[in-house]
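J.: Got a structure for you, written out below as structure tokens; questions coming shortly.
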Amino acid sequence: VPYGNNQLPKIIGGGSNRLFNVDGGELSLTSLNLTGGAIVGTGINGAGGAVSIEGPSASLTATGVVFHSHSADLSAGNGGGIIHATVGVSIRLTDCHMYGGSAIYGGGVYVQGTATSPSELIALNTSFVGNHASRLGGGLFCWRMSACKLINTSFSKNTAKNAGHDININSGAP
């Protein structure tokens, strides 16, 4: 619910903290402004500036959330400047704005599954703007057994050094 002057309540990471870590549970976010989450570390410990979510059977539902200026470790982290999801995860983004994220893979969102635990992203009426990947998938990186369904979702001004400025879908090793 917006407060004063129609602004969303804020959760600010201060540029040195991941905002949410979900390991096999459920996270539901509604009408928030999430800003400045950052994580430093190797592999999954350096992934997901705003949210890191691992399965199996973990889920994230975000409705009307603004994700702004989040980063994952650009030297040794895995991916997902804003959201990093791996192994049997379900993500549903509705009316969300994902902008200013940076990571090695998936400057905005990184989704990965396995043959036995596929992951799924559904993005509805969501925008990915101005995210950056130092390798692949500026806005979105879907890797291995992950289904990424985009419905009325827009991508603009995302960048990636190697491929997939807006979206990179890859079934093999990155």
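The values are calculated or read from the model by the stated rules, or taken from the named source; none is laboratory data. Keep in mind it's a predicted model, so treat the numbers as computed, not measured. Because the Cβ atoms are built from the backbone with ideal geometry, glycine has one as well, and the counts that use them run over all protein chains shown. SASA here: full protein model, heavy atoms, side chains in, ligands and nucleic acids out. Shrake-Rupley method; radii C 1.70, N 1.55, O 1.52, S 1.80 Å.
J.: I'd like the isolated cysteines in the chain, meaning no second cysteine's beta-carbon lies under 4.7 angstrom from theirs.
T.: If one checks each Cβ against the other cysteines of the chain, C96 turn up with nothing under 4.7 Å.
J.: Any idea what the alpha-carbon Rg over 2.2 N^0.38 Å comes to for the chain? Intermediate results must be reported in sequence, preceding the final value.
T.: Details: Rg = 14.1 Å, N = 174, 2.2 N^0.38 = 15.6 Å.
Ratio of Cα Rg to 2.2 N^0.38 Å: 0.90.
J.: Among the DSSP beta bridges whose two residues both lie in the chain, what percent are antiparallel, rounded to the nearest 5? Working shown, then result.
T.: Details: 1 of 70 bridges.
Around 0 percent of the beta bridges assigned by DSSP in the chain are antiparallel ones.
J.: Using Cα pairs under 8 angstrom and six or more residues apart, how large is the relative contact order of the chain, in percent? The partial results should precede the final answer.
T.: Numbers: 648 pairs, mean separation 27.2, N = 174.
The value is 16 percent.
J.: Now for a separate question. Would you mind telling me the share, in percent, of accessible area of the range 44-113 contributed by carbon and sulfur at probe 1.4 angstrom? Please list the in-between numbers first.
T.: Details: 830 of 1670 Å².
For the range 44-113, the apolar C and S fraction of the accessible surface comes to 49 percent.
J.: From a point 7 Å beyond the Cα of V40 in the direction of its Cβ, which residues of the range 61-81 have a backbone N at a distance under 13 Å?
T.: 72-77
J.: Restricted to Cα positions, what overall size does the range 82-174 have along the principal axes? Three whole-Å values, descending.
T.: 35, 28, 17
J.: For A147, list long-range residues whose amide hydrogen, built 1.01 Å from N in the peptide plane, is under 5 Å from its own amide hydrogen.
T.: S119, E120, L121
J.: Then there's this: With a Förster radius of 41 Å, plug the Cβ-Cβ distance of A115 and I11 into 1/(1 + (r/R0)^6) and report the FRET value to the nearest 0.05.
T.: Details: r = 35 Å, r/R0 = 0.86.
E between A115 and I11, to the nearest 0.05, is 0.70.
J.: Around N170, with a cut-off of 12 angstrom between Cβ atoms, what is the net charge of the other residues, counting Lys and Arg +1 and Asp and Glu -1? If you can, show how the numbers build up before the last one.
T.: On the way: positive: R135, R144; negative: none.
Net charge in that neighbourhood comes out at +2.
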